[in-house]
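The values are calculated or read from the model by the stated rules, or taken from the named source; none is laboratory data. Values in this document were obtained by computation on a predicted structure and should not be read as measured data. Backbone-built Cβ (ideal geometry, glycine too); neighbour counts: all protein chains shown.
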Protein chains: 6
Amino acid sequence: MSDQPQSTQAGTVLVVSAHAGDFVWRASGAIASAVQRGDRAVIVCLSFGERGESASQWLAGKSLEEIKAMRRAEAEGAAAALGAEIEFLDAGDYPLLESPELTDKLVQVFRRVVPTVVLTHPLTDPYNGDHPAAARMTLQARILAQAIGYPGEGEPLGAPPVFFFEPHQPEQSDFKPNVLLDITAAWPAKLEAMKCLPAQKHMWDYYSDLGVRRGVQVKRNAGPNLGLPVDTKGEAYMRYYPQVTTVLE
Amino acid sequence: MSDQPQSTQAGTVLVVSAHAGDFVWRASGAIASAVQRGDRAVIVCLSFGERGESASQWLAGKSLEEIKAMRRAEAEGAAAALGAEIEFLDAGDYPLLESPELTDKLVQVFRRVVPTVVLTHPLTDPYNGDHPAAARMTLQARILAQAIGYPGEGEPLGAPPVFFFEPHQPEQSDFKPNVLLDITAAWPAKLEAMKCLPAQKHMWDYYSDLGVRRGVQVKRNAGPNLGLPVDTKGEAYMRYYPQVTTVLE
Amino acid sequence: MSDQPQSTQAGTVLVVSAHAGDFVWRASGAIASAVQRGDRAVIVCLSFGERGESASQWLAGKSLEEIKAMRRAEAEGAAAALGAEIEFLDAGDYPLLESPELTDKLVQVFRRVVPTVVLTHPLTDPYNGDHPAAARMTLQARILAQAIGYPGEGEPLGAPPVFFFEPHQPEQSDFKPNVLLDITAAWPAKLEAMKCLPAQKHMWDYYSDLGVRRGVQVKRNAGPNLGLPVDTKGEAYMRYYPQVTTVLE
Amino acid sequence: MSDQPQSTQAGTVLVVSAHAGDFVWRASGAIASAVQRGDRAVIVCLSFGERGESASQWLAGKSLEEIKAMRRAEAEGAAAALGAEIEFLDAGDYPLLESPELTDKLVQVFRRVVPTVVLTHPLTDPYNGDHPAAARMTLQARILAQAIGYPGEGEPLGAPPVFFFEPHQPEQSDFKPNVLLDITAAWPAKLEAMKCLPAQKHMWDYYSDLGVRRGVQVKRNAGPNLGLPVDTKGEAYMRYYPQVTTVLE
Amino acid sequence: MSDQPQSTQAGTVLVVSAHAGDFVWRASGAIASAVQRGDRAVIVCLSFGERGESASQWLAGKSLEEIKAMRRAEAEGAAAALGAEIEFLDAGDYPLLESPELTDKLVQVFRRVVPTVVLTHPLTDPYNGDHPAAARMTLQARILAQAIGYPGEGEPLGAPPVFFFEPHQPEQSDFKPNVLLDITAAWPAKLEAMKCLPAQKHMWDYYSDLGVRRGVQVKRNAGPNLGLPVDTKGEAYMRYYPQVTTVLE
Amino acid sequence: MSDQPQSTQAGTVLVVSAHAGDFVWRASGAIASAVQRGDRAVIVCLSFGERGESASQWLAGKSLEEIKAMRRAEAEGAAAALGAEIEFLDAGDYPLLESPELTDKLVQVFRRVVPTVVLTHPLTDPYNGDHPAAARMTLQARILAQAIGYPGEGEPLGAPPVFFFEPHQPEQSDFKPNVLLDITAAWPAKLEAMKCLPAQKHMWDYYSDLGVRRGVQVKRNAGPNLGLPVDTKGEAYMRYYPQVTTVLE
């Protein structure tokens, strides 16, 4: 709740990413912003994106293990650029299969990390089945982690808000942003993180343009009174549960 | 934007209410909360609810003018209990007719009051056509007031966020709250405002129960960590435009 | 409420039809069913469909007044075949313009007829703007007629349920039936009513086929246990307000 | 079909409840109503709610088996208070895992019980994954039980209507009631059933208030003409398949 | 893309059908049209519909294997009448269970057949769980087949458009057609294919009537200018991904 | 219908634009494409955008008439750059008021121009009320122009398809593109048309970036097989009525 005393304590952002690169393009502004204000950020990659999102490596004749190692290194570099911790569950991709076992691993992450905010993929993506699978397991794990009767270390979880980050083709994925995040201050860090993924250089421009585009919407929706700078950058999110607050603003 | 310097300045809440009583049942928690933290609150009643929401007065044989005077007095009392200003456009109800002239009056209110937050009815209500009509005119007036080319006193408006307050039968009105407002501190003021409407005594209980119900949801969605009191009270809102913020929380 | 004593009293079905022929194709099974069990049925045609739904007459060189007279005669014939009363408001079509005056005429109909059930067009039809206009005015008039403060003869209306009948292209009009009406017993009357509209002979087959199709769905959704006959006929409706009942069945 | 001769025969209501307590809070009005008019009611609890909905027992240090036994006893007590039969599939909760085996058990229940009406959870609940899982398996089992080729004892099922009962946070669960059930006569039985769950005493008030709230909506949607008593109580439902009927009312 | 040179090359239509008869009723017009203009058509039946859609055979006391053989023969006859190839995965029905293994078999079909167009069931069908299961696996297999990293023979797939064919009760299945296919020239072949399924003779009329009904909509939506014949026949489809084109028409 | 003989005849695209600049940013790729292949293109501007979309002119102290003249000249220049005809109805903006008179003017345009394709704004835009007003009048005029009984010169209209072009904030306007138009060949003309609006130079970049973004989606949805160039540009559209075709592709 935005103006409660406890919100001045450092929080913890947990980011669940289906593949090793997803968090970079879609949420690294939020991650860097959190770190910049003193929060902890923990990224969990369910897979390395080794089969579905490493086409150039396959074309180059790399082996599965080589690709996984390379993607891991890239993602670790990006996390470091953002000041975030990162871990990998190596659950496989294309398809990322939902299972009680993988969901349980996420429950244990929730119990251990105790996030105050959760970021993950949206529930719909007609172009990529792994993304909604990651979202469903994340939401289920968050609920299970709240139950005192669910076995595991640590205390039952509270009710951290969940935000879905932007898919590659937002309109086709029923992605209607209800939160526009001003990431202007975090922009240099996001650029640096993107550059840790040299194999997808064409994405740098695509997501830089998107940052500009969402920044225009930040300004448009904030109104001219706030005096936001002309080069405001943004990221778009969908809040899944209702916002709880003491101030309408 | 929640943590920008200017948000510590006093804001102004503008409430557009189709009938004289609507703001009391549905938004007086938000109004009292705003006043308690030093904001200005201005309520505009488009009508007195003289035809459609004064059944007991008609049954008692009162005249139209008597009913309007009585409803005005009640609403003025409630506004005073909340510490808010109030004005009446006397545009008639059942039906409240949309017109460019009435919309223009609202534009002039926007230009004069310069709200930082706007509250009004939601866009759908199968039980009451006046409520969506009020919402449509409010949204249109807000847009017109933003245009420098639109004639009128004062400066063009910024982009104040708009929140829809709760209709009488929320599910039937496609009302899916995305903001739960903690109004515990404002609850005594809301009770006092409701008691300014003695002709609708049965509504006191109905909306007191609703405050409890929404309070349970405040607690459920905030999580146990925040230590909210057992008697937390709430009001539900739908944010119409995306939230602009620098913090995901 | 289905099993309350008063529901054994004769009811009154009010049908609001944008054009003179609409009620025949889309609701005459329900009308004849009501009459057969002793209810009163009153049809109000807002226009004769003189401009938009009388192409063959225009091609034949008829004048506007001739066309209106012909359509009136047809509709009166169809109403007689169904055992229903009919009246015409002659408000013009293509476009049927919404206005407070026309809505007020409908309010007075509601106050005079005191319907226990209301049938009209659905709120969406991308192929015909008159149909949603008729629906919006009907819904608004029903609400206004409920208010004691609204001027007019008669007592304030109760809360009669509203059913939307089927548009010409249901899926395109977001028409998702939630009521399937068994009109097998009323089928001969519906056929007779359709034959009162000889200028649209091609519609006879189209709506006879539709009766069969909806009849198949009646059987499919009722289940085989009910022993419905193989030639069951149906009409599809959308209930607009929640059903109130004492029995889930 | 509401006025067919066979509907005067006694029916059978089958209630599928994810956890041992769900049916009490959400559907016991409907269950008691059915029993009061001579129908049979059978409740199937897929789990005891032992992990996810027994927080106070876990805090009190009870073992899993103790908790399951206690929840079973409570649910049996509530069923007895309603005059209903009850059985437990003990499939585990938090998570309640969907499987062909558990679905098959439900098919065999359908074949054995031959319900004329089915009640279960709605398909969406962002706060509880077990509820939609129960709904999906119930719907699937109902379809499988209709197929003569599906192995099992008994005759293929007909097409009993399905009603979803109310989730804890209806708007967030896309729960838009299209049936409001008058449970005034069953209210004392519902109160008694709720009191069989002493560990959740705070829920008594919450669901008593909800009964009042839905009762107000019963009266509002039925209209004043029906003369419903001031203390009318209600439960809200979503009908999943279209209603089949011979009367629009 | 409609007017690119390569579209004049012969294409390949892949049809994924949950049961052996589905493609006949719902897509044989499209299949025959494709064959008539020189395209290849390949039908994959995931099951024979042996349990869920062979009621008359079960009533006649046939064994499971007899039924499967009979359904296979019927489907082969229908495919031959359309000029299409057909294969059977024999994965079982009622329920058709989703699994990585069955999805992988479909991936291999995609890699081998290299379709330029894909037809399958829509994602929602409250009356039949096998149909959405088939659709989900088809969509997932199409995505997996696009990934160079997914193991299998053949080249990675391009992005063939996907069309959902019409379910038995379209409105209840949220089926809103956005493509109306003129199948007039293919109509005789569709009739012949339907006659290969003599056990469901009542369906012949039902789907013949549907062809007429969709044909009326073809004419209505094409406009009178095109001079379509009075006996135009149609099939309705939902395009799942956006159409890519160089001409708006 | 894409492969009917008559589609090789030259068509006529009618574009209805609420303000003088809208067609440039949002539809000039489609307009130039049509002209390049020999179609006629006619643009109707309902207003000049003089009040709502000319902020810089108002700040520069220009009069209403000066602004209208300037915007007209800009739009004429852009139309010339595209090879399109243009006309202005001067109906006023902010607000653009819906009226039967203005709708009738559009009907007469439809009857005179006889479009084979219609482009206009989408029906929802929370940031600009004029855009949906223009869309509603365009759709209504198209329907009225189809009726032989509606008075006016010329023949009744056929059923030209309608496409909505992209609003400024697509997700917030429920804009889900179902057509992606490849405008690579028309891109230079679009750039030239945009440069005719020098007062909105910042929009050049914004809509150039959008052309790139939609071009990426053209390639993604067309698949790699088509060999589209790396600098493919696109525009996004929503088709309002179902596509009628003889080929699924």
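Annotations for the structure displayed:
- Subset of the stretch D:10-31 [among the aliphatic types (A, V, I, L, M) and either within 8 Å of the chain's Cα centre (by Cα) or not in a loop (DSSP other than H, G, I, E, B) (or both)]: D:V13, D:L14, D:V15, D:V16, D:V24, D:A27, D:A30, D:I31
- Residue satisfying condition, being among the aromatic types (F, W, Y) and over 16 Å from A:I31 (Cβ atoms), within set A:W187, A:W204: A:W204
- Qualifying residue in the stretch F:223-235 (condition: surrounded by fewer than 21 Cβ atoms within 10 Å (Cβ to Cβ) and at positive phi): yes
- Subset of the stretch B:224-234 (residues that are at pLDDT 95 or above and either farther than 14 Å from B:L180 by Cβ or at the interface with chain A (Cβ under 9 Å from one of its Cβ atoms) (or both)): B:G234
- Residues satisfying the stated conditions in the stretch A:195-219, i.e. in contact with a strand residue (DSSP E or B) (Cβ under 7 Å, 6 or more places away or on another chain) and within 13 Å of chain B (Cβ to nearest Cβ): A:R214, A:G215, A:Q217, A:V218
- Number of the exception - B:V244 against (1) more than 14 Å from chain A (Cβ to nearest Cβ); (2) of a type outside the set (G, A, S); (3) in a strand (DSSP E or B): (1)
- Applying the criterion of being at pLDDT 95 or above and more than 10 Å from every other protein chain (Cβ to nearest Cβ) to the residues of the stretch A:3-19, the residue that is nearest to A:M203 (Cα to Cα) is A:H19.
- Within the stretch E:176-199, residues that are without any contact (Cβ under 8 Å) to a residue 60 or more places away in the chain sit with their Cβ atoms under 7 Å from residues that are of a type in the set (A, V, I, L, M) and not in a loop (DSSP other than H, G, I, E, B), at 6+ positions apart or across chains, in these pairs: E:L180/E:V218; E:L180/E:A236; E:L180/F:V244; E:D182/E:V218; E:D182/F:V244.
- Filter pass, B:F48 being touching a residue at least 24 places away in the same chain (Cβ under 8 Å), within 19 Å of B:T138 (Cα to Cα) and either assigned to a helix (DSSP H, G or I) or more than 14 Å from chain C (Cβ to nearest Cβ) (or both): no
Residues are listed down the side, and each one gets a yes or a no for (1) under 15 Å from C:E235 (Cβ atoms); (2) of a type in the set (F, W, Y); (3) surrounded by 24 or more Cβ atoms within 10 Å (Cβ to Cβ):
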site	(1), (2), (3)
C:A30	yes, no, yes
C:S33	yes, no, yes
C:V44	no, no, no
C:R51	no, no, yes
C:I67	no, no, no
C:R71	no, no, yes
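- Residue match in the stretch C:170-181 (condition: touching a Ser or Thr at 6+ places or on another chain (Cβ under 7 Å), within 14 Å of chain D (Cβ to nearest Cβ) and farther than 27 Å from E:A236 by Cα): no
- Count of the stretch F:70-127 residues which are over 25 Å from F:D174 (Cβ atoms) and among the polar types (S, T, N, Q): 3
- Scanning the stretch C:34-45 for residues that are touching a strand residue (DSSP E or B) at 6+ places or on another chain (Cβ under 7 Å), within 12 Å of another protein chain (Cβ to nearest Cβ) and either outside any loop (DSSP other than H, G, I, E, B) or within 21 Å of C:Y207 (Cβ to Cβ) (or both) turns up C:A34, C:A41.
- Exactly one residue out of B:L157, B:L139 is out of contact with any Asp or Glu (no Cβ under 8 Å at 6 or more places or on another chain) and closer than 21 Å to B:A30 by Cα, and it is B:L139.
- Looking across the stretch D:51-63, the residues that are out of contact with any Leu (no Cβ under 9 Å at 6 or more places or on another chain), touching a residue at least 40 places away in the same chain (Cβ under 8 Å) and assigned to a loop (DSSP other than H, G, I, E, B) come down to D:E53, D:S54.
- Qualifying residue in the stretch E:64-76 (condition: assigned to a loop (DSSP other than H, G, I, E, B), over 30 Å from E:A185 (Cα atoms) and either more than 14 Å from chain D (Cβ to nearest Cβ) or free of Cβ contacts under 8 Å to residues at least 24 places away in the same chain (or both)): no
Residue by residue, here is whether (1) over 16 Å from the mean Cα position of the chain (by Cα); (2) more than 9 Å from every other protein chain (Cβ to nearest Cβ) holds:
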site	(1), (2)
D:P161	no, no
D:P188	yes, yes
D:A193	no, yes
D:N221	yes, no
